[in-house]
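Reviewing the structure listed below.
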Amino acid sequence: MNQPVIRRKWRVAIQLIALGLLTSELGFSTSPSSAAPKITSSLVKIDDPNCVKIAGEEGEDWATLRCGKKVGGWQVYVEYDDARESIALKRNGVLTDLNFYNFNSGFSTLGKTLEFRVRSGKPVAAIVRHIHAIDPDDPNIKRSALMVAKLSPKPCVVANIDPGPQQSAQARTAADKAASLPCLKPAG
């Protein structure tokens, strides 16, 4: 190789190295690890017999149960009222009831687990199964929806995912972008 070609290759190599140092000095990264933070799941059992009843008296048709350990500062509560179940979430002393029965009428129960979606160690959304009667004349006809709630600035339901083969994937997709979704308005 001739000298000018070698010098040009070295000059390009030095420029690329300098660019790499400059971008890292400014806090930028050119490596694949600079992609969006990975989203993981943290599960809380909500059908656990170890959930602690914190409100409601024996013989009354309502109760509040505290379930599982806190995840990222969020405590999960199961709200039971007149054969209808919902979730409430508490953080920094503020309890927010998600009022699932405002979206799915009829008698209802919850699935066994609440799934927090966690980005960079911080919960950003919650997913829980809500099984509710859809025929007032026959409580055995049920729909099993996945309810998705964003956690900030104030927890609210952002998606009510219908049953289907992609239901779980659709719920996770909604949860992972929940911060950008509006709160759903209660059904009519």
| request: Could you work out the local net charge near C156, counting Lys and Arg as +1, Asp and Glu as -1, over the other residues with Cβ closer than 14 Å to its Cβ? | output: +3
| message | Going by amide H atoms built from the backbone, whose H comes under 5 Å of the H on V158, apart from near neighbours? | response | V148, A149, K150, L184
| region 83-188: chymotrypsin sites (Phe, Trp or Tyr not before Pro) falling in loop per DSSP and having at most 13 other Cβ within 10 Å | none
| Any idea how far apart C183 and K154 come out in nm if each label point goes 7 Å out from Cα toward Cβ? | 0.5 nm
| query | Of K38/K70; K45/K154; K45/K185; K70/K154; K70/K142; K142/K185, which ones are farther than 25 Å apart at the Cα? | reply | K45/K185; K70/K142
| remark: Computed about the Cα centre, the charge dipole of region 140-188 from +1 Lys/Arg and -1 Asp/Glu charges at the Cβ has a magnitude in debye, to the nearest 20, of 120 debye
| message | For I46, what residues show an amide H to amide H distance below 5 Å, using hydrogens built from the backbone and excluding near sequence neighbours? | response | T113, L114
| Net charge of Cβ neighbours under 12 Å - reference Y77; Lys, Arg +1; Asp, Glu -1 | +2
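Read-outs throughout are calculated quantities, based only on the coordinates presented, and are distinct from any laboratory measurement. It should be emphasised that the depicted structure is a prediction, and the values quoted were computed from it without experimental measurement. Ideal geometry is used to build each Cβ from the backbone, glycine not excepted, and the neighbour counts take in all protein chains shown.
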